[in-house]
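Below is one structure; the comments refer to it alone.
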Amino acid sequence: MDILESFRLALGGLAANKMRSALTMLGVIIGVSAVILLVSIGSGVKADISREIMGLGSNVTMVLPGKIEMHPGAGQTGGSLGLVNKLALDHVEALKREGAHIKEALPILSSAASMRYTNLSRTVDVVGTAPEYPAVRNFPVAEGRFFSAGEVGGLRRVCVLGQTVAEDFFGDSNPVGERISLSDQKFTVIGVMTEKGGGAMGINLDDQVFVPVTVAQNLFGTENLSLIFVEAASQADVDLAMVEAKRILARRLDENDFTVLAQEELLGILQTVVGTLTLMLGGIASISLLVGGIGIMNIMLVSVTERTREIGIRKAVGAKTYDISIQFVIEATTLSVIGGTVGIILGALGSLVARSFLPSQITAWSVVLAFFFAAGVGIFFGVYPAYKASHLDPIEALRYE
Amino acid sequence: MSPTEELVKARDLVKIYRLEGVEVHALRGVAFDIRCGEFVSIMGPSGSGKSTLMHIIGCLDRPTSGSVLIDGQETKELTDNELAAIRNKKIGFVFQTFNLLPRMSALKNVELPLIYAGFGLGERARRAKETLEAVGLGERINHRPSQLSGGQQQRVAIARALVNDPSLILADEPTGNLDSKSGAEVMSILEGLHDQGRTIILVTHELYVAEHAQRIIRILDGEIVSDEWVENCRSLGRR
Ligand SMILES: Nc1ncnc2c1ncn2[C@@H]1O[C@H](COP(=O)(O)OP(=O)(O)O)[C@@H](O)[C@H]1O
Ligand SMILES: [Mg+2]
C-alpha cells in the first residue's frame with residue numbers, strides 16, 4: 001500500500017469524526033499558540049530592554065544603590081537591589097569633582113505622584129534630576145526649556161512634561177506657563193520634552209514629569225537617589241570612568257551599598273532575567289502542548305478500540321501490520337500538524353494583538369520549535385495506539401462487539 | 001496447476017484455547033487434503049470446531065500444533081505479515097456476519113483487498129465494479145451495507161473475497177444469517193464459482209446447504225468423524 005493511500009485512509013478516518021478531530025486538535029492549537037504568544041512577548045520585552053539600554057549612549061554607565069551580583073557562569077542574578085539606598089547628591093558632586101575621566105554625573109530620583117490640572121488628575125512618574133539631563137540622555141526639550149542650575153539650587157517648583165503627559169493634560173494647547181500640581185504642590189510648567197517612544201520594563205519615557213532633583217527630594221521626603229548616570233568623557237574612557245566612580249564612591253560608602261554597572265553588565269543581568277522568564281513561560285505553554293498530545297493519544301486509543309472490528313476486517317483481507325499502524329500514525333500526525341499550523345496562526349495573531357499593549361516579537365525559532373514539537377508530539381503519541389492497533393489478533397478483532 | 005494437485009493440506013491440526021486455566025480443545029488432530037477445484041462442505045454442530053478450522057486454514061489464526069500447507073507452502077514458519085500476504089492473494093474469506101465496513105460503499109468494501117495488494121485507484125475501482133457486477137450488484141455499487149438486504153450484503157462480501165482472484169474461497173456459514181431465498185442466491189453464486197474452477201470450502205450445519213458440495217467432511221468435538229463424496233446428491237438435480 002503506498003503512502004498516498006495511507007493518507008487517504010487516515011483523512012477518511014478523521015473526517016468520519018469531525019467534531020472529535022476538531023476538539024482533539026484544539027488541545028494542540030491552544031498549546032502551540034500559547035508557546036508562540038508567550039515566547040513572542042518574552043522576546044519582545046528582551047528586545048525592548050536592549051534598545052532601551054543601548055539608548056543610554058555608549059559612554060554612559062550607571063550607579064545603582066545596593067549590591068547587584070552576577071555569579072559568573074551560573075547565569076543567575078541576585079542581590080539586594082534598592083534594599084539599602086544611600087546614594088545622595090553629595091556623591092554626584094564628588095563624582096563630578098574628583099573623576100578625571102567623568103564628564104558628567106546625573107542624579108535621578110524617581111517615583112510616582114499624582115498630577116492634577118483643572119479637573120484632570122492621574123498618576124505620573126516624577127523624575128527629579130539635574131539640568132544636564134537632556135544632554136546626557138540625548139533627550140532634548142521640544143518646547144520651552146529645561147530647568148536651570150539656579151532653579152535646582154533654589155528649589156523652584158518648576159517642571160518639564162513628557163509628550164504623553166502634555167497631550168493627556170493639555171491636548172493641543174501649549175502647557176508652558178500653566179500651573180499644575182504634583183502631590184498637591186503647585187508647579188509651573190516650563191517646557192515639554194520631545195517624543196522618545198515607549199520603553200521596556202513598564203517605563204514610558206514620554207509619560208514622565210521632570211522636576212529639579214532637590215524639589216523631588218522634598219516632594220518624596222527622601223535624600224536617597226534612585227540612580228546616578230555617569231557619563232565618561234569619551235567612549236574610550238568608559239572603563240576608566242567606571243574604575244574612578246567605584247573608587248570615589250568606595251571612600252564614602254560601604255561596598256555593599258552601591259553598584260557601578262557597565263551597559264553590557266546591566267543588559268546581561270536584565271536579559272538573563274527576562275530570558276529565564278521567557279523560558280519559564282514557554283515551558284508552561286509547552287506543558288499545555290504536551291497535554292494536547294496526551295489528548296491525541298487518548299482519542300487515538302478510543303479510536304483503535306472503536307475500530308477494532310474494522311482493523312480485524314482489514315487484516316482479514318490482507319492488511320499488514322505496517323498498513324494498519326501507518327494509518328493511525330498519519331491520523332495522529334495530521335491532527336497535530338493541522339493543530340500546530342492553526343496554533344501558529346492564532347499565536348501570531350495573538351502576538352500582533354498583544355503588540356498594542358505589550359512589546360512582542362514573533363521569533364522564527366519559537367514557530368519552528370512549536371511546529372516540530374507539535375508534529376513530534378503527534379507522532380510520539382500516535383505510535384503507541386498505532387502499535388496496539390496493528391498487533392491486534394485478527395480473529396479477536398473480528399469477534400469484538 | 002493441475003486439478004488433482006492439493007491446494008490445502010491439513011496435518012494433525014490441534015487447537016487448544018486456554019481460558020482462565022481451563023483448556024478448551026477446539027481441534028484434536030484434524031487432517032485432510034483438498035485438491036484444486038474441489039467444493040467441500042464441513043458440517044458439524046455448533047461448537048464442534050468448524051470456525052476454528054476455517055480460521056486456521058484461512059491463515060487468520062495459528063494452530064497449537066500441526067501444520068497447514070497452502071498451495072504447497074508450509075504456513076507454520078511464516079510471519080504475521082507473510083500470512084497477511086497469503087490471505088490477501090490466495091484466500092477469499094466469506095463470514096457468517098458479512099463483516100463489511102459500515103461507513104463504506106459496496107464498491108469501497110470490495111476494493112479493500114486491492115488496496116493492500118497495491119493496486120492503483122483506477123484499477124481498483126474497475127476490478128471491484130466488475131466483480132460486483134458478476135455477483136449481480138452492478139446497480140448497487142454506491143450503496144452502503146445498511147442500504148442493502150442481508151443477501152445483498154453477503155454478495156458484496158463474496159465479491160470482496162473474489163476480487164483479488166484467490167485460489168481458495170472459505171465460506172463460514174455464509175447463509176447462516178440469511179432467509180432461505182437469499183441463502184439460495186448465495187449458494188448459487190458459490191456453485192457458479194465452483195463451476196468456474198475455484199476451490200471452495202463451505203462450513204454449515206445444515207445438510208441441504210452442505211449437499212451443494214461434492215464432498216462433506218463431518219466434525220464433532222474437534223475431530224473428523226466422516227469424509228464422504230456426495231457426487232450422487234448433486235446429480236439428483238439439486239442444482
Ligand atoms: N477465542 C476462543 N477462546 C476460547 N474458546 C474458544 C475460542 N474460539 C472458540 N472457542 C471454543 O472452541 C470450540 C470450537 O469453537 P468454534 O470453532 O467456533 O465452533 P463452531 O464454529 O463449530 O461453532 C468451542 O467450544 C468454543 O467455545
Ligand atoms: Mg462457527
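Points worth noting:
- Cα centroid of the stretch B:58-80 to Cα centroid of the stretch A:299-373, whole Å: 40
- Residue by residue along B:95-107, Cβ atoms of other protein chains within 10 Å of the local Cβ number 2 on average.
- Distant-in-sequence amide contacts of residue A:253, defined by a placed amide H-H separation under 5 Å and a gap of 5 or more residues or a different chain, comprise nothing.
- Rg to Rh, two decimals, where the stretch B:149-197 supplies the alpha carbon set and Rh follows Kirkwood: 0.94
- DSSP H segments from chain B that extend 15 Å or more along their own axis, Cα-based, with Kyte-Doolittle mean of 0.0 or above: B:106-117
- Inter-site label distance for residue A:254 and residue B:207 at 7 Å from Cα along Cβ, in nm: 11.3
- Which listed pairs, of A:315/B:89; A:388/B:89; B:50/B:181; A:18/B:108; A:18/A:315, have C-alpha distances above 18 Å, in listed order: A:388/B:89; B:50/B:181; A:18/B:108; A:18/A:315
- By accessible area, using a 1.4 Å probe on protein heavy atoms only, the stretch A:87-252 has 45% of its surface on carbon and sulfur.
- Computed with the Debye formula from one identical point scatterer per Cα of the stretch B:1-61, without solvent, the log10 of I(q)/I(0) at q = 0.16, 0.18, 0.24, 0.26 Å⁻¹ comes to -0.58, -0.71, -1.09, -1.20.
- Spacing of the two label points (7 Å from each Cα toward its C-beta) at residue A:368 and residue B:177, in nm: 5.4
- Shape parameters for the protein assembly as shown, alpha-carbon atoms, Rg then Dmax in Å: 42.8, 134
- Here the calculated FRET efficiency for residue B:139 and residue A:8, from their Cβ-Cβ distance with R0 = 22 Å, stands at 0.25, rounded to the nearest 0.05.
- With a Förster radius of 60 Å applied to the beta-carbon distance between residue A:138 and residue A:345, the computed FRET efficiency rounds to 0.90.
- ³J(HN,Hα), Karplus 6.51/-1.76/1.60, whole Hz, each residue of the stretch A:37-44, x for Gly, Pro: 5, 5, 5, 5, 5, x, 5, x
- Environment charge of residue B:69, counting only residues whose C-beta is closer than 13 Å and scoring Lys/Arg +1, Asp/Glu -1: -2
- Here the Karplus relation 6.51 cos²θ - 1.76 cosθ + 1.60, evaluated at θ = phi - 60°, turns the backbone of the stretch A:253-260 into coupling constants of 10, 5, 5, 8, 9, 8, 9, 9 Hz, with x for every Gly and Pro.
- Modelled spin-label separation between residue A:111 and residue A:294, with each label point placed 7 Å from Cα along the Cα-to-Cβ direction: 4.9 nm.
- Pairs of Cα atoms farther than 15 Å apart, the stretch B:65-122, %: 60
- log₁₀ of I(q)/I(0) at q = 0.07, 0.09, 0.10 Å⁻¹ - chain B, Debye sum with one point per alpha carbon: -0.22, -0.37, -0.46
- A viscosity of 1.002 mPa s and a temperature of 20 °C, combined with the Kirkwood radius over Cα pairs in Stokes-Einstein, give a translational diffusion coefficient for the stretch A:95-193 of 149 µm²/s.
- FRET efficiency estimate (nearest 0.05) - Cβ-Cβ, residue A:384 to residue A:235, R0 51 angstrom: 0.25
- Using only side-chain charges placed at the Cβ, +1 for Lys and Arg and -1 for Asp and Glu, the dipole size of the stretch A:87-252 relative to its Cα centre rounds to 460 debye.
- Normalised Debye scattering of the stretch A:87-252 at q = 0.16, 0.20 Å⁻¹ gives log10 I(q)/I(0) of -0.90, -1.28, counting only Cα atoms as equal scatterers and leaving out solvent.
- Share, in percent, of DSSP beta bridges within the stretch A:117-242 that are antiparallel, nearest 5: 55
- Fraction of beta bridges assigned by DSSP in chain B that are antiparallel (%, nearest 5): 55
The values are calculated or read from the model by the stated rules, or taken from the named source; none is laboratory data. From a predicted model like this one, the values you see are computed outputs, not experimental measurements. Cβ sites come from the backbone with ideal geometry, for glycine too, and all protein chains shown count toward neighbours. Just so you know, the surface numbers come from the protein's heavy atoms only, side chains and all, with ligands and any DNA or RNA stripped out. Shrake-Rupley method; radii C 1.70, N 1.55, O 1.52, S 1.80 Å.
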